[in-house]
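First the structure, in the form of structure tokens, and then the observations on it.
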Amino acid sequence: MNEDKALIDLLEKKERLVAMLAPSLPIVFSYPTIITMLKKIGFAYTAEVAVGAKKTNEELLALLQKDPDARFITSPCPTIVRMIKTTMPQYAKYFTYNVDSPMVATAKIIREKYPGYKPVFIGPCLMKKLEASEDVPDLGILVLTYTELRNVFSHFNVTEESNPNDQFDIAEPGMTRMYPLDGGLSHSSGLTDQLRPEQLKVVSGGKNRKAIQEFDANPTIKLLDILNCPSGCIYGPGIQSTLTLEERTKRIMEYTSLGSHPSSS
């Protein structure tokens, strides 16, 4: 099913919808322009997925504190989770099973705050579609990439316009806005300070399989912070951008440190 067409159908039926925007959004959209545009096509509320990422961090830290000897592979990345489950199942024992991904945690927050509203995740990842439909179908999350969202805006003839009074209804102007970067989870949770360098391994891109094997063989490593896409979610397939790695990283760091969204072009 084409998710952009599914969203168009929901909007035309005036369904009650909440947009959940991944923290990689500054690479593609400017703020508050994106909020104005989402409201114009019919979204009732908007939320930062960074708020769910904060919950993810809290749950992970609780696991590490509960069992200081435990070792984990982080599992917010659905591509890594599926790769391990299907091709390296012997390592699935290291997953943080009791830790929700930021998308799932945000959807649960929305369900509590806005009962009866459908969560719509908008981000850079294609595999989030499978996470939503296969892992948490009860939450009813519709997943679109940024590219698909542009198709929806085009359908409704919505151009980039901004109301300075528009803002996130659920905001998290904190460190979890850096989640899409390589090592974003470790930095935003404080684990880079709590763990010794040899206890934490951060990896993304083509060396993932080797990193998982090395983690299993080296008991000194307590946490493997791993993302599938090179340099993290800032290079997810749902992002269409000519920005360089340095430019993408700069936008995320500005977004994180300033507590506001940098403009996008």
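The numbers here are math on the coordinates, done by the rules we state, and not lab data. All figures in this text were calculated on a predicted structure; none of them were measured in a lab. Ideal geometry is used to build each Cβ from the backbone, glycine not excepted, and the neighbour counts take in all protein chains shown.
In Å, what Kirkwood hydrodynamic radius results for the chain from the alpha-carbon pair distances?
About 18.7 Å for the chain.
Can you give the calculated 222 nm mean residue ellipticity of the chain, where each DSSP H run of n ≥ 4 adds -39,500 (n - 2.57) and the sum is split over every residue, rounded to the nearest 500 deg cm²/dmol?
My calculation for the chain gives -11500 deg cm²/dmol from helical runs alone.
What pairs in LYS39/LYS93; LYS39/LYS85; LYS5/LYS222; LYS55/LYS93; LYS128/LYS201 have C-alpha atoms more than 32 Å from each other?
Exceeds cut-off: LYS39/LYS93; LYS39/LYS85; LYS5/LYS222.
To the nearest Å, what is the center-to-center distance of the range 129-197 and the range 14-38, using C-alpha atoms only?
Taking the Cα centre of the range 14-38 as reference, the centre of the range 129-197 is 9 Å away.
At GLN213 and ALA171, where each label point lies 7 Å from the Cα along Cα→Cβ, what is the point-to-point distance in nanometres?
Going by the 7 Å Cα→Cβ label model, 4.8 nm.
Cross-link candidates for LYS129: which aspartates and glutamates have Cα within less than 19 Å, leaving aside residues fewer than 8 places away along the same chain?
GLU3, ASP4, ASP9, GLU48, ASP100, ASP138, GLU148
Would you kindly derive the ³J(HN,Hα) couplings of the range 42-52 from the backbone phi angles with the Karplus curve 6.51 cos²θ - 1.76 cosθ + 1.60 (θ = phi - 60°), listing them in order in whole Hz, with x for Gly and Pro?
x, 6, 7, 9, 9, 9, 7, 5, 4, 5, x
Among PHE29, THR220, VAL202, which residue has its Cα positioned farthest towards the positive end of the charge dipole of the range 3-258, with +1 placed on the Cβ of Lys and Arg, -1 on the Cβ of Asp and Glu, and the dipole taken about the Cα centre?
My answer, from the dipole projection, is THR220.
In a solvent-free Debye calculation with one equal scatterer on each Cα, what is log10 I(q)/I(0) for the range 180-265 at q = 0.15, 0.25 Å⁻¹, listed in the order of the q values?
Debye intensities relative to I(0), on a log10 scale: -0.63, -1.23.
Taking only Cα atoms, what is the 0 to 90° angle, nearest 10, from helix 146-155's long axis to the longest principal axis of the chain?
10 degrees
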